[in-house]
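The values are calculated or read from the model by the stated rules, or taken from the named source; none is laboratory data. Just so it is clear, the structure is predicted and the values come from calculations on it, not from any experiment. All Cβ positions, glycine included, derive from the backbone under ideal geometry; neighbour counts span all protein chains shown. When the accessible area is computed, the model is the full protein with side chains, heavy atoms only, and any ligands, DNA or RNA have been set aside. Shrake-Rupley method; radii C 1.70, N 1.55, O 1.52, S 1.80 Å.
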Amino acid sequence: MPEIDLTHPDVLRDPFTGYGRVRERSPLARLRAPGVGPMWAVTRYEAAKALLADARFEINAGSFLRPDVPEHCLAYMRTMSEQDGPEHSRQRRLVAPAFTVRRAAAFRPRIEPLVERLLDGLPEHAEDGSVDLLRHFTRPLPIDVICALVGIPDADRPRWRGYGATIAAGAGQGFAEAVPGIMEGAKAAIARRRADPADDLLSDLIRAQAEDGDRLGETELVTMVWHLVLAGQTPANLIANAVAVLLDHPEQLAALRADPALMPRAVEELTRWCGPTLLSIPRYPREDVELYGTPVRAGHRDHRGRQ
């Protein structure tokens, strides 16, 4: 059975090659990482697709590591990613209208100036002719967009940039201090939009109502803002990875520059080729199962590999 040591220097330096070698050998591998114990990883697309649809596997409380944050914040940290079945379906139904392609396109004129301002500011951060794109563009961009879409006042946005950078780091004292700030900022933004609705994402979520009158509760709205902050790490890393890959493949970069209409397909392919996350949320077997000839006990952690 192939094994992947997630702390090995070769894996840290070039994880795609490390996973790729294992994927060629087997559809199933063993992952090892300090502090979390061994996990199974499904390494191939068809295998991962089948596992996602397999009702014998579930996401549960053990799928997530709870950060050390103040007790009063815990109620807001259980996002839709942690929900399953009817609970997940209910929230998804309520928030779906706020995340349609048409609604996202309507926000484009508000997002483009944020992109342009960050790009225009890059020369100020250049050192010896180069600039840290992750630090000065791809990480601040998602949090700037989130602030615009949920109505965070301009005066508070530098602080929210700090929150975003801290959340990206993923742990430590700064994380525990950033989370209460995000929650309090979300509550204040919700109160403002209840009193003064606007054409933004938060107002859409506040207005969202099912046919039976069901609406998102206050805790769910705050949690949704927290979820957006977490989700912001995905475009931050995807953009950085994509720029690096396109610079390494100048013929693809030239094709994209020559025909911007290729961009939607390019984003899909870049997400597949150099995705921002290597491993998905762990799933647990509800019962004893066999994966590609290997028995996996009920309750033992399983992981889906990169697709």
Among the residues of the stretch 14-26, is any open to solvent by 80 Å² or more (accessible area, probe 1.4 Å) and at pLDDT below 90?
no
Counting just the residues of the stretch 265-289 that are over 27 Å from Thr17 (Cα atoms) and charged (D, E, K, R), which one comes out surrounded by the fewest Cβ atoms within 10 Å (Cβ to Cβ)?
Glu287
Which count do you get for residues in the stretch 72-106 that are under 16 Å from Ala208 (Cβ atoms) and either among the basic types (Lys, Arg) or part of a loop (DSSP other than H, G, I, E, B) (or both)?
6
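Per-residue answers, yes or no, for (1) part of a helix (DSSP H, G or I); (2) on the phi < 0 side of the Ramachandran plot; (3) at pLDDT 90 or above; (4) open to solvent by less than 60 Å² (accessible area, probe 1.4 Å):
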position	(1), (2), (3), (4)
Glu211	no, yes, no, no
Val222	yes, yes, yes, yes
Val225	yes, yes, yes, yes
Thr234	yes, yes, no, no
Ile239	yes, yes, yes, yes
Val243	yes, yes, yes, yes
Leu247	yes, yes, yes, no
Arg257	yes, yes, yes, no
Which condition number in (1) in contact with a helix residue (DSSP H, G or I) (Cβ under 7 Å, 6 or more places away or on another chain); (2) of a type in the set (A, V, I, L, M, F, W, C); (3) part of a loop (DSSP other than H, G, I, E, B) is the one that Val11 fails?
(3)
Given (1) in contact (Cβ under 8 Å) with a residue 40 or more places away in the chain; (2) part of a helix (DSSP H, G or I); (3) aliphatic (A, V, I, L, M); (4) in contact with a helix residue (DSSP H, G or I) (Cβ under 7 Å, 6 or more places away or on another chain), number of the condition Val69 does not satisfy
(2)
Taking the stretch 182-209 as the region of interest, how many residues are more than 18 Å from Ser89 (Cα to Cα), part of a helix (DSSP H, G or I) and open to solvent by less than 20 Å² (accessible area, probe 1.4 Å)?
9
